[in-house]
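Take a look at the structure set out below.
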Amino acid sequence: MATLLQLRNVTKSFGAVRALRGVSFALEEGEVHALLGGNGAGKSTLIKVITGAYALDDGQIQIGGQTVSHLTPARARALGIACIYQQPALFPDLSVAENIALRLEKTSPLHTIGWAARQTRAEELLHRIGAEIDPAAEVRTLSMPEQQLVEIACALGAGARVVIMDEPTASLTQKEQHLLFAVVRDLRAHGVGVIYISHRLEEIFALADRVTVLRDGESVGTNPVDAINEAMLIKMMVGREVAAIYPLAQSAPGESRLTLKKVGCVQSGVHGIDLELRAGEIVGLAGLVGAGRTELARILFGLTPADAGEIQLGGQAVQITDPRSAIAHGIAYVPEDRRRHGVIMEMSIAANTTMAIHAQIFPGTWLRSAAERQLTLDFIRDLGVKAAGPQAPGGSLSGGNQQKIALARWLATKPKVLILDEPTQGVDVGAKSEIYKIIRHLAAEGLAVLMISSDLPEVLGMSDRILVMRGGTIVAEFARGAGAHEVMAAALGQKKEAA
Amino acid sequence: MLRRFSRTGFQGGRAPPHSKTQAPNLLLRDFDLMQKYSREISVAIVLALLLLVMAIAAPAFYEPQPLLSRLAREAPTLIVACGVALVMVAREIDISIGSIFALCGVCAGLLAGSGWPLIAVCGVVVLIGAVLGAMNGALVAGLRLPSIVVTLATMVILREGLRWKQQGAFINLPDAWQWFGLSQRGGQWTLIACALILLAVLAWVSRNLAAGRFLYAVGSNAEAARLAGLRPRWITLAVFVFMGALAGLAALLNVVQSPQVDPKSGTGLELKAIAAAVVGGVAVSGGRGNLWGVFVGVLLLACINPALTYLHVEAYWEKAIQGAIILLAVIFDGLRNRRSTN
């Protein structure tokens, strides 16, 4: 068997964040190689390096035995690498045949289109993977798995030798999964190498030949699936013990601040949430991407209001219909995507800091700039923000400092419940531990904190209680001191109810 | 109230007073004003150079009476430009302002002709402008339609409706209306003063009132603003209403300058106003701009035509030069953005 793809000591950093730290990986001909790892372990970065979307900082890539330097997306495609993303990137208004043709044909804009040839080739390719899709159908009329099959057909048509599948089954039904598995096995039988990324361990055991586990940007090991079991995989994913950068819990939780009873929202796929949040307590919300954690936060903040169950604040049932009513009830939400949803880059740090207080006041109110400046300076000092000054634009700050300003914005509203969504994503280690101290300090002052995080050590280190979400609901609860693999197992759906 | 804590220790309690203004690090300095307003300053320098050239080459440019007339004629443009600048700050655009301006002018003429008192006419005309603006705003904010398309449609509808109604006929104004009943000189000064006071007030408001902050926030990042508790759609609606009201006010300041109301007035006003805003540093992509910059932009574009006349250059060049200025302004922005993203 020939090696289709070989990576040696690949490293890739984004600013201070080291996404890949010397990863080696090999894909053989006719192999399904599963790639496993927690959120942020480096899977996506590795894929983007292989597809040429990211240039690697260091290391070596060999494709088909040849060393390739300066891999670009076009080059990767030409060398037979195809990637099928969770959300297929097709043109919805064009037919299946046209979509396939757009990927495969390389003609000048003035070339006459061979409509009949396009049609027959599309039919051929779809037939080869056993898909019953009309090549003339518009892509928008196809279901998600059908669109994935079209993507696979494109990959085959391009003569792909390496097919990367990024969580292909995330949105598929059981039946569709089986169809997809059959296609994958068929690809393998034809000598194609498949890199298969999935969070579902049972799939990996059903489909893969080998599995490589990534953790913190490093490869923890590659094993044949026959030589390994689920418990071992979870252990590999979890790895190191909780580091000492987390401040100790000190406070006993106080009165109940937020209670959810059977809360759900059809639109966001969240259902049956029972939850209690007490003053002075940090509750970690763990789970995999797509488990419904951010969706729950958006319900609590009124972005997608709940349509079932009851939300109580301080013992009183309330309706949260929009962000303004959430804020009026003392709920603050620091969103996940700082650049898009948090700090406004063009506006000054001062304006960003006071945004949520000012949002509540009458438009004709005179903003007293001296008071605003003082408040901002206070936060800059208290939170240890490294900034040129209150008037510097938000975009001039580093990631960690932007996060502190996003936090300051909400602290300025003096909230009772603070929801943090991935508070340390993309933040360097030093700023991380500062943010942890701030969060712990806020809890000690009586704030109820709900912390969504995909960083398992962070959840374990910071939380007084840990809730695990899966499939839009809470599936497990752990007290402080729970083991990492119990939490990971619950997130992966291995054990139903754990103490 | 959350207790304060210092960076090094969490002893709680308020920090000692002397640390209030103490910087957390030595870098703490206000962001460089020259850099922040580099765009406005460079346009002002261009304007100053032009004025200097005129002072040397054609001192007749500064003869008081023609200069006063020219400035008075630009007063409505300044007001409309301020309005559209605010619309652009909120990341929308309004190209129906020329038509609203014309319609408001005709309404003023008709109402004045039927003997309404001056104050009542002014109030009603501004209100009509606001209602027309609300129509735009409701379509943009309520149905989330792109503002360029909505206001293109209302621009054509209002303009053609007016043409059908008036058939191009001018409306005679009562004599008492010319220059608000003042002397020509007094009237011109009044118009200029009105426009400048409004500019100063709006410039102050956009910086110091919460409403101004809302505009910039929504124009910079509407989703982030919503997550901070703002109501972007109401803010969008409000800015269109305000734009309409300003167009009505500008129409009044225009109408009093001549004995008759021209139903075709304001043709091309939207382009003039948007061009002035762009030259003055307002970003079409929203969230950036300053009304004093718009002021300089209006002055610069307004100077081109008379400057050409006094320098004995054919007036055909006016539009080409205006176009070149706009292009240069946008190129300047493009280069600066590229530098700052690198």
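Nothing in this text is a laboratory measurement; each read-out follows from the coordinates by a stated rule. This is a predicted model, so every value here is computed, not measured. Neighbour counts run over all protein chains shown; Cβ positions are idealised from the backbone, glycine included.
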Environment charge of A:Lys262, counting only residues whose C-beta is closer than 12 Å and scoring Lys/Arg +1, Asp/Glu -1: -2
Pairwise label distance in nanometres, A:Glu202 with B:Ala60, each label 7 Å out on the Cα-Cβ vector: 9.3
The local net charge around A:Gly30, scoring Lys/Arg +1 and Asp/Glu -1 for residues other than A:Gly30 whose Cβ lies under 9 Å from its Cβ, equals -3
Run the quick spin-label model on B:Glu314 and B:Leu52: label points 7 Å from Cα toward the beta carbon, then report their separation in nm to one decimal. 3.1
The answer for A:Gly389, listing residues at least 5 apart or on another chain whose modeled amide H is closer than 5 Å to its amide H, is B:Arg29
In what sequence do B:Ile148, B:Ile128, A:Ile100 fall when counting other Cβ within 10 Å, fewest first? B:Ile148, B:Ile128, A:Ile100
Straight-distance crosslink candidates among aspartates and glutamates, where the alpha carbon sits under 12 Å from B:Lys36 and sequence neighbours closer than 8 are dropped: A:Glu346
To the nearest 0.05, how large is the calculated FRET efficiency for A:Phe181 and B:Ser285 if R₀ is 30 Å and r is the Cβ-Cβ distance? 0.05
List the residues of segment B:248-277 whose backbone N lies under 18 Å from a point placed 7 Å from the Cα of B:Asp175 along the Cα-to-Cβ direction. B:256-261
Using Cα springs under 10 Å in a Gaussian network model of chain B, which residue among B:Arg233, B:Arg39, B:Arg207 shows the largest mean-square fluctuation? B:Arg207
For segment B:57-74, 3J(HN,Hα) per residue [Karplus equation, 6.51 cos²θ - 1.76 cosθ + 1.60, θ = phi - 60°, Hz, x = Gly/Pro]: 7, 8, x, 4, 3, 9, 4, x, 5, x, 4, 4, 4, 4, 5, 4, 5, 8
proj_area_mean for segment A:357-499 (convex hull on C-alpha atoms), units nm², value 10.5
Amide proton proximity set for A:Cys83, modelled H, under 5 Å, gap of 5+: A:Ile164
Hey, fewest Cβ within 10 Å first, where do A:Glu98, A:Glu29 land in order? A:Glu29, A:Glu98
Calculated FRET value between B:Lys165 and B:Trp189, using beta carbons and R₀ = 35 Å, to 0.05: 0.55
Sorted by chain and number, the residues with a modelled amide H under 5 Å from that of A:Val10, at a separation of 5 or more or across chains, are A:Gly22, A:Val23, A:Ser24, A:Gln60
Restrict the search to segment B:240-320; then list the GluC sites (Glu not before Pro) that DSSP places in a loop and that have at most 14 other Cβ atoms within 10 Å of their Cβ. B:Glu314
Give a quick list of trypsin sites (Lys or Arg not before Pro) in segment A:355-454 that DSSP marks as loop, anything other than H, G, I, E or B, with at most 16 other Cβ atoms within 10 Å. A:Arg368, A:Lys386
For segment A:3-238, the Rg and Dmax computed from alpha carbons only, in angstrom: 18.0, 58
Hz values of 3J(HN,Hα) by residue in segment A:41-55 - Karplus curve (6.51, -1.76, 1.60), Gly and Pro given as x: 6, x, 4, 4, 5, 4, 4, 5, 5, 5, 7, x, 6, 10, 7
In debye, nearest 20, what is the charge dipole magnitude of chain B about its Cα centre with +1 on Lys and Arg Cβ and -1 on Asp and Glu Cβ, if you could check? 1560
Please compute P(r) over all alpha-carbon pairs of the protein assembly as shown, binned at 10 Å starting from zero, and give each bin as a whole-number percent. 2, 11, 17, 19, 18, 16, 10, 5, 2, 0, 0
Using the Karplus curve 6.51 cos²θ - 1.76 cosθ + 1.60 with θ = phi - 60°, what ³J(HN,Hα) values do you get for each residue of segment A:401-412, in whole Hz, with x for Gly and Pro? 6, 4, 4, 5, 5, 4, 5, 4, 3, 7, 4, 5
Positive minus negative residues near A:Arg200 (Lys, Arg vs Asp, Glu; Cβ under 12 Å): -3
Magnitude of the Cβ-charge dipole of the protein assembly as shown, K/R +1 and D/E -1, about the Cα centre, nearest 20 debye? 2040
Roughly how big is segment B:62-266's charge dipole about its Cα centre, with Cβ charges of +1 (Lys, Arg) and -1 (Asp, Glu), in debye to the nearest 20? 420
So if I take the alpha carbon set of chain A, get Rg, then get Rh from the Kirkwood formula, what is the Rg over Rh ratio? 1.01
Given pairs A:Lys48/A:Lys235; A:Lys386/A:Lys432; A:Lys43/A:Lys175; A:Lys386/A:Lys437; A:Lys12/A:Lys48; A:Lys43/A:Lys432 and cut-off 19 Å on Cα-Cα distance, the over-length ones are A:Lys48/A:Lys235; A:Lys43/A:Lys175; A:Lys43/A:Lys432
